[in-house]
Amino acid sequence: MMTETQIEKIQAEKFLKEAYGNRYAKQFVNNLPPECITMLLRFREPNFLKKVIKLRWLILIASLPSDDIKITALINVIENIVKNPKGYKYRHVKRLCEELKLQKIIIKPDCVLKSRAEKRKLTKKYLEYIAQIYGVENIIFFRDKKLKLINLMTRLTLEDEKAAKMFYILNFKDLLPLLNLTIESVMRMDKLTLHDRCEEARKELMKKNKL
């Protein structure tokens, strides 16, 4: 008896085969993380997907060296298609992928670009700036980085669901130990379920820190 994951993989491969052909369908299913496949399936119609995300673009994304970079690239490509569907071209996708391969940039919410060195520093000012954008108060009072992260993530689930999910993807390594959620799970959650999970994790962390 097939597992749910195996069934989903077969369905995804069939969908991608209709869009890009059998050869590339297998390549994408094997070389793209589940989060990317989920994003592609949201286009619902294979013909529509093929028109929006060209085959050459997806080949570039699938060839990137890590799942995190592939997810970042696809999110960025979709955002740019929404903003400029006619003006976004292969050369833009190629340049993005080249930059990500060299790890010179990381895509942040609202298309804020940060260097690799800035990413390492993270987070006091970065978190405070994100909080300021979304009108989230009080995170500056938490000295602990984990508390800042989970408090901001919790508040973002109420302020802006998409921003919260993007924030989780971009800070996955730091937030995973706190929430114990895969990116795929977070993408599937509705706003209230995600908020409740974050709130539980936030309270637990505050207890450990005796706040």
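Some points to look at:
- Probe 1.4 Å - accessible area at R91, Å² to nearest ten: 150
- Only protein atoms count toward the accessible area here, which uses a 1.4 Å probe; on segment 4-114, the carbon and sulfur part of that area reaches 51 percent.
- Å² of accessible area per residue within segment 4-114, as computed with a 1.4 Å probe and no ligands counted: 57
- Here the simple spin-label model places points 7 Å from the Cα toward Cβ, and for E204 and R42 these points are separated by 2.7 nm.
- Chain lengthening between S63 and I10 when straightened (0.36 nm per residue, less Cα-Cα): 17.0 nm
- Computed E for K191/R23 - FRET, C-beta separation, R0 41 angstrom, nearest 0.05: 0.60
The values are calculated or read from the model by the stated rules, or taken from the named source; none is laboratory data. These numbers come from a predicted model, not from an experiment. With ideal geometry, Cβ positions are generated from the backbone for all residues, glycine too; neighbour counts draw on all protein chains shown. Accessible surface is based on the protein model in full, side chains and every heavy atom, while ligands, DNA and RNA are left aside. Shrake-Rupley method; radii C 1.70, N 1.55, O 1.52, S 1.80 Å.
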